[in-house]
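To start, the structure under review is shown below, and the notes come after it.
No lab work stands behind these numbers, since they all come straight from the coordinates. Just so you know, these numbers come straight off a predicted model, no measurement behind them. Because the Cβ atoms are built from the backbone with ideal geometry, glycine has one as well, and the counts that use them run over all protein chains shown.
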Amino acid sequence: MLIPEIQALTGRMPVTGQETSPARGSGFEALLRQTMQDAGNRQVNLSRHAMERAQERGIEMTPTLMDKLNDSVEKAEAKGATNILALDRSLAFIINVPNHKVITLMRQDEMKENVFTNIDGAVIL
């Protein structure tokens with residue numbers, strides 16, 4: 001076993017049964033890097049219910065629309081919202097912000113009789 005001063009100079013630590021390679025980093029470091037990477041790459045996705053509603057209602061989830069939804073989630077996240085109503089001229093989306101998930105969606109003609117509950121923010125697309 002090396003004395004602490006030599007360990008510091010050589011970068012070697014005593015063997016404890018598990019060693020981590022410097023390239024991979026410690027378990028915590030690897031987890032932190034993965035979490036940060038995932039946070040930067042998080043995209044809005046649709047729940048099974050929302051996918052069914054989009055198909056039933058003939059709503060096309062275009063890349064442009066998905067970009068708008070991603071932007072709305074980022075804005076809502078910055079304000080601390082957890083469930084938002086995202087609106088454009090003809091569509092409404094209920095989105096769970098922490099999970100980046102569209103819960104449901106509807107067309108303008110379906111919005112007239114609906115009451116939106118359990119939301120703490122709204123974003124205009």
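Any idea how far apart ARG89 and ARG33 come out in nm if each label point goes 7 Å out from Cα toward Cβ? Distance between label points: 4.7 nm. Gain on full extension, evaluated as 0.36 nm per residue between ARG42 and ASN99 minus their Cα-Cα distance, stands at 19.6 nm. For the pair LEU125 and ASP71, label points projected 7 Å from Cα toward Cβ lie 1.2 nm apart. Rounded to the nearest Hz, the phi-derived 3J(HN,Hα) couplings of the stretch 48-63 under the Karplus curve 6.51 cos²θ - 1.76 cosθ + 1.60 (θ = phi - 60°) are 4, 4, 5, 4, 5, 5, 4, 5, 4, 9, x, 8, 8, 8, 6, x, where x marks glycine and proline.
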